[in-house]
Amino acid sequence: MPMPALTERQRRYFEAMQANLARNTGKTLDEWTAIAKACPETRQRAQLKWLKDNYGLLQNHGLQVLNALSGADQWDDEAALRAALWTDAASAGILAAVERAVAGAPDLIAGQRKAYTAWSRAFQFAALKPAKGGTAVLGLAVTPDASPRLASPKNEGWSERLKSKVILASPADVDGEIEALLKAAWERS
């Protein structure tokens, strides 16, 4: 599977996950895809739940199986993932402002995921996802006590290293304080 925009650690993780599917689950990828073909569900979340409930297959291996079954790959086309996620012009403007704020960071790895855009060095230090009303939620690898603007994340779906979040209502919210928080998060990665 192509794996663009991943840290070396993330790349090794995915390679190991692929290499160890049979050892970890007792079935080869071909055996799992044959099982997945019998799934009565059509939506990916429901298919993952079906694989877990009926066979104990956890999310990462489940995604590996579903990607193989569909012939798709969640990492294949970052541009398409980005275009599908950032459809709102207002939240896309916030994304552009955050991208400008992190652009000069050495060893920066920017990566697009299905539900968010991530920035890493050795580890993920920030992620941004669009939210309702043209806003965006920025997750940071700093604790909430780093700024009164920060809150604790709840079920955000990104790295557990991101210990705080802030809602950004416009590109102007990506100010000097947010830039300093991004730098502090980068330093921790």
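The values are calculated or read from the model by the stated rules, or taken from the named source; none is laboratory data. Everything numeric here is computed off the predicted structure, so don't read it as measured data. Note that each Cβ is placed from the backbone with ideal geometry, even for glycine, and that neighbours are counted across all protein chains shown. To get the accessible areas, we keep the full protein, side chains included, count just its heavy atoms, and leave off ligands, DNA and RNA. Shrake-Rupley method; radii C 1.70, N 1.55, O 1.52, S 1.80 Å.
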Filtered residues of the stretch 173-189 (kept if farther than 10 Å from A146 by Cβ and not charged (D, E, K, R))
V174, G176, I178, L182, W186, S189
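Here is a yes/no grid of residues against (1) among the polar types (S, T, N, Q); (2) more than 16 Å from I178 (Cα to Cα); (3) out of contact with any Ser or Thr (no Cβ under 6 Å at 6 or more places or on another chain); (4) modelled with pLDDT under 95:
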site: L66; (1), (2), (3), (4): no, yes, yes, yes
site: A89; (1), (2), (3), (4): no, yes, yes, no
site: D107; (1), (2), (3), (4): no, yes, yes, yes
site: A127; (1), (2), (3), (4): no, no, yes, no
site: A131; (1), (2), (3), (4): no, yes, yes, no
Q44 vs. criteria farther than 25 Å from D175 by Cβ and at pLDDT below 90
yes
Condition (residue is touching a residue at least 60 places away in the same chain (Cβ under 8 Å), under 14 Å from L138 (Cβ atoms) and surrounded by fewer than 14 Cβ atoms within 10 Å (Cβ to Cβ)) applied to the stretch 98-119: is it met by at least one residue?
yes
Where in the stretch 23-86 are the helices (runs of 4 or more DSSP H), entirely inside, with at least 3 residues that are closer than 27 Å to K129 by Cα and open to solvent by less than 30 Å² (accessible area, probe 1.4 Å)?
59-70
Taking the condition of being closer than 22 Å to D175 by Cα and under 15 Å from the mean Cα position of the chain (by Cα), how many residues in the stretch 97-120 meet it?
7
Within the stretch 1-12, take every residue that is more than 21 Å from D77 (Cβ to Cβ) and either in contact with a Phe, Trp or Tyr (Cβ under 9 Å, 6 or more places away or on another chain) or surrounded by 11 or more Cβ atoms within 10 Å (Cβ to Cβ) (or both) and give me the one that is modelled with the lowest pLDDT.
R9
The stretch 6-26 residues that are closer than 20 Å to A127 by Cβ, paired with ones that are part of a loop (DSSP other than H, G, I, E, B) and open to solvent by less than 40 Å² (accessible area, probe 1.4 Å) (beta carbon under 9 Å, 6 or more apart):
L6/W75; T7/S189; Q10/M3; R11/M3; Y13/L6; F14/M3; F14/L6; F14/W75
Of the residues in the stretch 12-48, how many are within 26 Å of the chain's Cα centre (by Cα), over 22 Å from K114 (Cα atoms) and small (G, A, S)?
2
